[in-house]
Amino acid sequence: MGHPEHGANEEIMTEQNRRTFIKQAAMGTAAVLAYPASTVLGANDRVRVGMIGVGDRGNDLLDQIRAVHGAELVAMADVYSRRRDQAKSKVPGIQTFDDHRRLLDMKDIDAVIVASPLHIHTRHFLGTLAAGKDLYSEKTMTWSIPEADKCLAAAKGSKQVIQIGLQHQSSGAQTDARQWIKDGHVGKVTQVESWMSRNTPHGKGQWVRPVPSDCTAQNVNWSAFLNGRPDRPFDGYKLINWRLFWEFAGGNCAENMVHQIAWIMGALDLPLPTAAYMSGGVFSEKDGREVPDTMVVTLDFPNMVVTWQSTFSNKHYDMADRILGSDGTLEHHFEEPLEYWPEKTNRPNGESAKGSSKNQDHMANWIDCVRSRGVPNAPPEIGYRSAIAVHMANLSYKNKRRLTLEEAKAITPEF
Ligand SMILES: NC(=O)c1ccc[n+]([C@@H]2O[C@H](COP(=O)([O-])OP(=O)(O)OC[C@H]3O[C@@H](n4cnc5c(N)ncnc54)[C@H](O)[C@@H]3O)[C@@H](O)[C@H]2O)c1
C-alpha cells in the first residue's frame, strides 16, 4: 500500500515489498540496486511506528520516536479517551484506537512501542510479534515468571527486532564498565551494592496520581485495562494508580530495581540469580497501597552477592551502583560518567579513571536495528534476566522467605 506523500514511484510498491526493501536496504547495495534510486532515498527509508499505551511514559517515548530521523509515528491505541485526544493534539493526523488489536491489524505499520501497565505487557508483546511487527516494550518485560518464559520463547522464535525499555543499557557507563571489567581492571567481583531512594512531602505517597474528572466508565475501555483480571465495576483510581497494586504491578523492583539489575547483569554478564530474599514493607505512607515502599533485596549469584535497597522516605543518597572487585571499584550514577578506583592491594600502579564513552539514544538504537536487522542494546534476553530477578525478589517478599530460582519458578503467580 502506498502513502500519498511518498510520490508516484512509491505507489506501485506493495506493502510487503516496502518492508522487504527496508530490510534489504540495510544489507547492501545489491538490494538497493533492485529499485530505482528515486524510491530508495527519502520516503522509503521511513519506519512506520504505532504505540500502545500512551500515558506518562508513553508521552516521553512519543517525543523520543518523533525525534528519530526516518521514523514516523502514524497510530496509537489507548483505552482512555484523554490519552487519545492528547496524542491527536500532539501528532496531527495520527490514527487512534481504544483497542490495541485494531492497531496491530494495520498492515502498513512496521514497528510498535508498548508502554502499557505491567500486567498487559505480555499480551502486547506477543500480539506485536504475532502481527509480524518489530517491538519496543517498556520494562519490566513481564508481570510474572511464566510470562517471561513465554515472551523469551516467542522472541527466540521470531525474526522481529525487539528492544526492551531498559535505556541504561545504551549508556556510555555500560560500555565503559564492560570494557574495564573485560580488561581486568576490576578483578574478581564478589559483591555489588546498589540502591535508589526518593522522598515526597509528608502525607503524599510516592507515585500517587490524581484521577482526572474525565476518567469515567464512558471514557475508558475498562475490560481491556483489566485484561483478564477479575471483573469489577469501573475504578478510576486503579486505572490511574495501577502501580500501587500487585495484580497490575511489580512494585519498586519492577519500576526501578530492574534498570539497575539489568545494568549490573549487563556489565558483569551475570546469569539468572540462584536465590533471592527481600524484606521491607509499606512504611512511608499507609495510603492503601499493596506494594512495599521500603525494601532490601539480596540476590545470590555464583560466588557473588548483589544487594539493592530502596526507600521512599529519604533521597539523600539518591541512586547508584557499586561494583566491588579485588583489583578495582566501579561506581555508577545514572547520567554521569562511570568512575573507577584501583585497589592498591592488587593494582599498586593502577590509576583512577572516569568513563568517556558516549550515551546512545536508546530509541534511535532500536530504529537503527529495525533497518539493519541488528541486535539492539537491550534485547529480550536482558529483559528476561532482569525480569526474573524482579519476580524472584517479589515472590520472596510475598512468601516471607528466601527462594531459590527453582522454588520461585514453581510458584503459580496469583493476582
Ligand atoms: N523506562 C523508563 O524509564 C520508564 C519510566 C516510567 C515508566 N516506565 C514503564 O512504562 C509503562 C507505563 O508506565 P506509565 O507511568 O506511563 O503508566 P500510565 O498509567 O501513565 O500509562 C499507561 C497507559 O496505558 C493505557 N492502557 C491501559 N490499559 C491499556 C490497554 N489494554 N491497551 C492500551 N492502553 C492501555 C492507560 O490508559 C495509560 O494511558 C510501565 O511499564 C512502566 O514501568 C518506564
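Tabulated data
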| quantity | calculated |
| --- | --- |
| Residue with peak Gaussian network fluctuation, the chain [Cα springs, cutoff 10 Å], from GLN360, GLN218, GLN95 | GLN218 |
| Rounded Å value of the spacing that divides the Cα centres of region 121-139 and region 283-330 | 30 Å |
| Point-to-point label distance, ARG232-GLU414, nm (Cα→Cβ direction, 7 Å offset) | 1.6 nm |
| The chain: DSSP helices with Cα axial extent of at least 24 Å and average Kyte-Doolittle hydropathy no lower than -1.0 | 380-399 |
| Residue with peak Gaussian network fluctuation, the chain [Cα springs, cutoff 10 Å], from ASP60, ASP231, ASP269 | ASP231 |
| Within a Gaussian network of the chain (alpha carbon springs, distance under 10 Å), most fluctuating of ASN394, ASN346, ASN377 | ASN346 |
| Expected 222 nm ellipticity per residue - DSSP helices of 4 or more, -39500 (n - 2.57), all of the chain, to 500 | -9500 deg cm²/dmol |
| When each of LYS139/LYS238; LYS238/LYS398; LYS88/LYS150; LYS150/LYS188; LYS139/LYS409; LYS238/LYS315 is checked by Cα-Cα distance, pairs over 24 Å | LYS88/LYS150; LYS150/LYS188; LYS238/LYS315 |
| Rg followed by Dmax, in Å, when the chain is reduced to its Cα trace | 22.5, 70 |
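Coordinate-derived values only; no laboratory data. Please read these numbers as outputs of a predicted model, since none were measured by experiment. In this analysis, Cβ positions are derived from the backbone assuming ideal geometry, glycine residues included, and neighbour counts consider all displayed protein chains.
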